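Here is the structure we will look at.
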Amino acid sequence: MSDMSLANLLKEERRFAPPADLAAHANVTAEAYEQAKADRLGFWAAQARRLTWATEPTETLDWSNPPFAKWFKDGRLNVAHNCVDRHVEAGHGDRVAIHFEGEPGDSRAITYAELKDEVSRAANALLHLGVRKGDRVAVYMPMIPETAIAMLACARIGAAHSVVFGGFSADALATRIKDADAKVVITSDGGYRRGKPSALKPAVDEAVEKAGNVEHVLVVRRTGQDVAFNDTRDVWWHDLVAAQPAEHTPEAFDAEHPLFILYTSGTTGKPKGILHTSGGYLTQVAYTHWAVFDLKPETDVFWCTADVGWVTGHSYIVYGPLANGATQVMYEGTPDTPHQGRFWEIIQKYKVSLLYTAPTAIRTFMKWGDDIPAKYDLSSLRILGSVGEPINPEAWIWYRKHIGADRTPVVDTWWQTETGAMMISPLPGVTEAKPGSAQRPLPGISATVVDDEAHEVPNGKGGYLVLTEPWPSMLRTIWGDDQRFKDTYWSRFEGKYFAGDGAKKDDDGDIWLLGRVDDVMLVSGHNISTTEVESALVSHPAVAEAAVVGAADETTGQAIVAFVILRGTASADDETLIGKLRDHVGATLGPIAKPKRILPVAELPKTRSGKIMRRLLRDVAENRQLGDVTTLTDSSVMDLIQSKLPATP
Ligand code: 6R9
């Protein structure tokens, strides 16, 4: 990146020290950074001892054939035993593992003892269906406890699961079943979504037709809706699983035994099957969940609002919290069903103390209004987490103030499907927080920002985020494609993992994430981050949400085009407002960052995991035919945006 605009970065002066009582009893103190720095591998070897091993590892890392890492390779363990049985053995069988809240209002509390029985039955059922160690099982489910049970049952017998988000189409499911060569699919008749049952089984039928090698489909009855049933292939969960014995002795597998494949769509090309293995993955998800949320398993109630179909759900609904013996909430539905206070009602009901959600949700809550969370008792909350996108400083402040009563730390956690677990994040009892910044690599993690030539940038400069040392929960490869694994992540900068994100270091050396590098704009030779322009727009009281893209421009190379959602009272026809917003960005970031066009819209296109799809907005801004819209939550959003557009100059 050239020297450019990153010099006049967004200045964020607000600071929030950890609350004294939290700091006094925090799981992790500043010492952890020192310890990990002095002996990184020793630090991770110590963290691995949080797990129960059938054979303790003696070797921490084998990096003799980079980028193919082997962590704890002579250790053996069973992941499901670690997430379930050992808590029962330790006398915590009566502790609630999952408080399930269905969208229609049904609820179910599952203790660790009950979870152990259910996972054992499901493991026996999979064995009965012919699933063996090393096989793959596809999981296409709503957000219900059986989804976690199915994943743990796979782990228990050493079969890798491939969870496909329930919002994906039959085609997307078929591609993933085929790529992983799954022999069983676990699904349900449907799930509840926005007040009505939404079907899943028909997509499975279609996908299995296309994908070929599936021997059985195991079907949970959730909604009771009518489904087609193929008697030789399909089997009901309540028939098969319920009839199994609740005893199953877990076998220990190698630390590097595959645990799961999770596909990331990427913007182009065939989805990448990200492969995670057992010992290193479980070590890092357990450690980070305990450290970043300061988890006290006896008293805390954790709630991660992600879908299990994404990596956040894998690592911070299933594996991290359960490995730590936590009590958590699992919610099936959407935040506005049946009303816009649903999340806050759930927090009040279960006395949730640790909340983990995404910026897209936070910005939506801001749009809905402060008065909604104000109606509920949120005093149980202790720590608020954010993940998925850069969190705009204003959204961060709103989250802390209106959800956290200006009292709770906010932890902005940067990581990826590929990294498996959190990598860069404040520690709630240690870090003086800066709104909008993920700040520092966690203890034991090495990350920095480099320029085009792979040189580390000095403080105050921007470039590319890289990870400079292997970490326990790193992806091991792309399923079936080692070459693509090397090309995608390890070839841009020799010996370093290229995350694909732009980032900057501030004057203190803290890291700020600036969005995917594909989204960075080049205006008159200056690299400008979409994230920073968006945050500048959102810091204006009239703007609820913003998405910024660079559109081809004859004079400046790219010109900044901003799509904004205005807050309640602001009017889209107010020409003076647009001028004010441009000036506001200019005053915040410098004149070079002033958007050339600002277009008020009612909605923004988002992926199903809640990330803004700037690629489609670029198509709009450049008057092009829209690219692939299949990963959009709601493709009608694009029609709405296009119909609102003034004729392009
Ligand atoms: C966990 C998850 C990964 C991409 C990542 C980055 C963005 C995630 C972020 C963040 C800024 C954060 N991202 N967390 N950007 N600050 N705290 O979301 O995984 O779906 O694979 O997405 O998400 O761009 O590269 P995944």
Looking at the range 258-265, can you tell me whether even one residue there is β-branched (V, I, T) and farther than 27 Å from D179 by Cα? no
Just give me the residues in the range 465-515 being hydroxyl-bearing (S, T, Y) and free of Cβ contacts under 8 Å to residues at least 60 places away in the same chain, in sequence order. T468, S491
Show me the helices (runs of 4 or more DSSP H) found entirely inside the range 356-434 where at least 1 residues are acidic (D, E). 371-374, 393-398
Would you say T232 is modelled with pLDDT under 95, more than 30 Å from A54 (Cα to Cα), out of contact with any Cys (no Cβ under 7 Å at 6 or more places or on another chain) and part of a loop (DSSP other than H, G, I, E, B)? no
Considering residues that are surrounded by fewer than 23 Cβ atoms within 10 Å (Cβ to Cβ) and part of a loop (DSSP other than H, G, I, E, B), the number found within the range 190-210 is 2
Does A45 count as outside any loop (DSSP other than H, G, I, E, B), buried (at least 19 other Cβ atoms within 10 Å of the Cβ) and without any contact (Cβ under 8 Å) to a residue 60 or more places away in the chain? yes
Restricting attention to the range 336-355, the residues that are assigned to a loop (DSSP other than H, G, I, E, B) and either out of contact with any strand residue (DSSP E or B) (no Cβ under 9 Å at 6 or more places or on another chain) or within 16 Å of the ligand (Cβ to nearest atom) (or both) number exactly 5
A306 - would you say it is surrounded by 24 or more Cβ atoms within 10 Å (Cβ to Cβ) and either over 18 Å from R156 (Cα atoms) or more than 13 Å from the ligand (Cβ to nearest atom) (or both)? no
Can you tell me which condition R363 does not meet? The list is (1) at pLDDT 95 or above; (2) more than 12 Å from the ligand (Cβ to nearest atom), and all the others hold. (1)
From Y281, Y263, grab the single residue that is over 19 Å from P470 (Cβ atoms), aromatic (F, W, Y) and within 16 Å of the ligand (Cβ to nearest atom). Y263
Give D370, D377, D406 a once-over and let me know the one that is out of contact with any Ser or Thr (no Cβ under 9 Å at 6 or more places or on another chain), on the phi > 0 side of the Ramachandran plot and of a type outside the set (G, A, S). D406
The range 28-41, residues that are part of a loop (DSSP other than H, G, I, E, B) and farther than 19 Å from A438 by Cα: D39
Unique match (being surrounded by 13 or more Cβ atoms within 10 Å (Cβ to Cβ) and touching a residue at least 60 places away in the same chain (Cβ under 8 Å)) among E247, E215: E215
So which residues in the range 570-610 are without any contact (Cβ under 8 Å) to a residue 12 or more places away in the chain and among the polar types (S, T, N, Q)? S571, T576
How many of the residues making up the range 61-81 are crowded, with 21+ Cβ neighbours inside 10 Å and more than 25 Å from the chain's Cα centre (by Cα)? 3
Selection from the range 561-580 of residues that are more than 18 Å from P359 (Cβ to Cβ), β-branched (V, I, T) and either part of a helix (DSSP H, G or I) or at pLDDT below 95 (or both): T569, T576, I578
Select from the range 113-140 the residues that are touching a Gly at 6+ places or on another chain (Cβ under 8 Å) and either among the polar types (S, T, N, Q) or farther than 19 Å from Q244 by Cβ (or both) and list them in ascending order. G134, Y140
Answer yes or no: is there a residue in the range 137-148 that is farther than 20 Å from R176 by Cα and assigned to a helix (DSSP H, G or I). yes
Residue check: is V227 over 30 Å from P57 (Cβ atoms) and either touching a Gly at 6+ places or on another chain (Cβ under 6 Å) or part of a strand (DSSP E or B) (or both)? no
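Let's see how each residue does on (1) surrounded by 24 or more Cβ atoms within 10 Å (Cβ to Cβ); (2) in a loop (DSSP other than H, G, I, E, B); (3) charged (D, E, K, R):
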position: L152; (1), (2), (3): yes, no, no
position: A155; (1), (2), (3): yes, no, no
position: H161; (1), (2), (3): yes, no, no
position: F165; (1), (2), (3): no, yes, no
position: F168; (1), (2), (3): no, yes, no
position: A174; (1), (2), (3): no, no, no
position: K178; (1), (2), (3): no, no, yes
position: A182; (1), (2), (3): yes, yes, no
position: I186; (1), (2), (3): yes, no, no
Please determine whether any residue of the range 395-407 is within 12 Å of the ligand (Cβ to nearest atom), out of contact with any Leu (no Cβ under 7 Å at 6 or more places or on another chain) and within 29 Å of S529 (Cα to Cα). yes
Out of the range 415-470, which residues are within 12 Å of the ligand (Cβ to nearest atom), in contact with a helix residue (DSSP H, G or I) (Cβ under 9 Å, 6 or more places away or on another chain) and polar (S, T, N, Q)? Q416, T417, T419, S425, S437
Which of the residues spanning the range 611-640 are of a type in the set (D, E) and either assigned to a strand (DSSP E or B) or touching a residue at least 12 places away in the same chain (Cβ under 8 Å) (or both)? E622, D634
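The values are calculated or read from the model by the stated rules, or taken from the named source; none is laboratory data. Only a predicted model underlies this, so the values are computations on that prediction, with no experimental measurement involved. Cβ: placed from backbone, ideal geometry, glycine included. Neighbour counts: every protein chain shown.
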